[in-house]
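S.K.: Sharing a structure, written as structure tokens. Questions coming.
Each reported figure results from applying straightforward, stated rules to the coordinates on display, with no laboratory input. Fair warning: this is a prediction, and the values are worked out from it, not measured in the lab. Here the Cβ positions follow ideal geometry from the backbone for every residue, glycine too, while neighbour counts run over all protein chains shown.
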Amino acid sequence: MRVYLLALLFSLSFQSGQSSIACTVTAGGAPVAGAEIRVSGRTYMTDARGEVRIDVTPGPVDLTIVKEGFAPVTTTVTVAAGQQQAVAIELEKPPTIEESVTVSATRTDKRLEALAGTASDRYRHR
């Protein structure tokens, strides 16, 4: 009987300290399915509603959210013991970078074959 009572007390104390994060990931107000959420070396995936529940230990928790086509987001959330912390993440498209390259050329009277032949003749006579 003592063993069962001890196991029950241990179980209750563990459950009271269980904390979680209810994370919702959106982009432009729409849910993002398949976003990866990295927490303490583990990766979780959002469902079709852009949601995932993650069990964590109480205290500060670092979250990194990654989805192809969006800029990654890293944030820290403090979770109280025995509580579920709601976290809403809005992903944004990465900034686009545009560059332009200008190419110019000039024309001479010499033919390329003549220039190439001159160089090969030099090496042939050595």
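S.K.: Multiply the residue gap between THR74 and ALA30 by 0.36 nm, knock off their C-alpha separation, and tell me the result in nm, one decimal place.
M.R.: 13.9 nm
S.K.: Related question: Using DSSP to define loop residues, name the trypsin sites (Lys or Arg not before Pro) in segment 15-108 whose beta-carbon has at most 16 other beta-carbon atoms within 10 Å.
M.R.: ARG49, ARG107
S.K.: Here's a follow-up. Sum up the charges of everything whose Cβ sits under 15 Å from the Cβ of THR75, counting Lys and Arg as +1 and Asp and Glu as -1, but leave THR75 out.
M.R.: Net charge around THR75: -2.
S.K.: With each label point set 7 Å from Cα along the Cα-Cβ vector, what nm distance links ARG38 and THR64?
M.R.: 0.2 nm
S.K.: Another one. Taking H placed 1.01 Å from N in the peptide plane, check which residues at least 5 places from ALA27 or on another chain put their amide H under 5 Å from its amide H.
M.R.: HN-HN under 5 Å from ALA27: VAL32, LEU91.
S.K.: So who's got an amide H within less than 5 Å of the one on VAL56, skipping anything under 5 residues away but keeping other chains? H placed 1.01 Å off N, in plane.
M.R.: SER19, SER20, ILE21
S.K.: Follow-up question, since we're still on this one. LYS93 to GLN18: extension gain in nm, 0.36 nm per residue of separation minus the Cα-Cα distance?
M.R.: Separation in residues times 0.36 nm, less the Cα-Cα distance, equals 23.5 nm.
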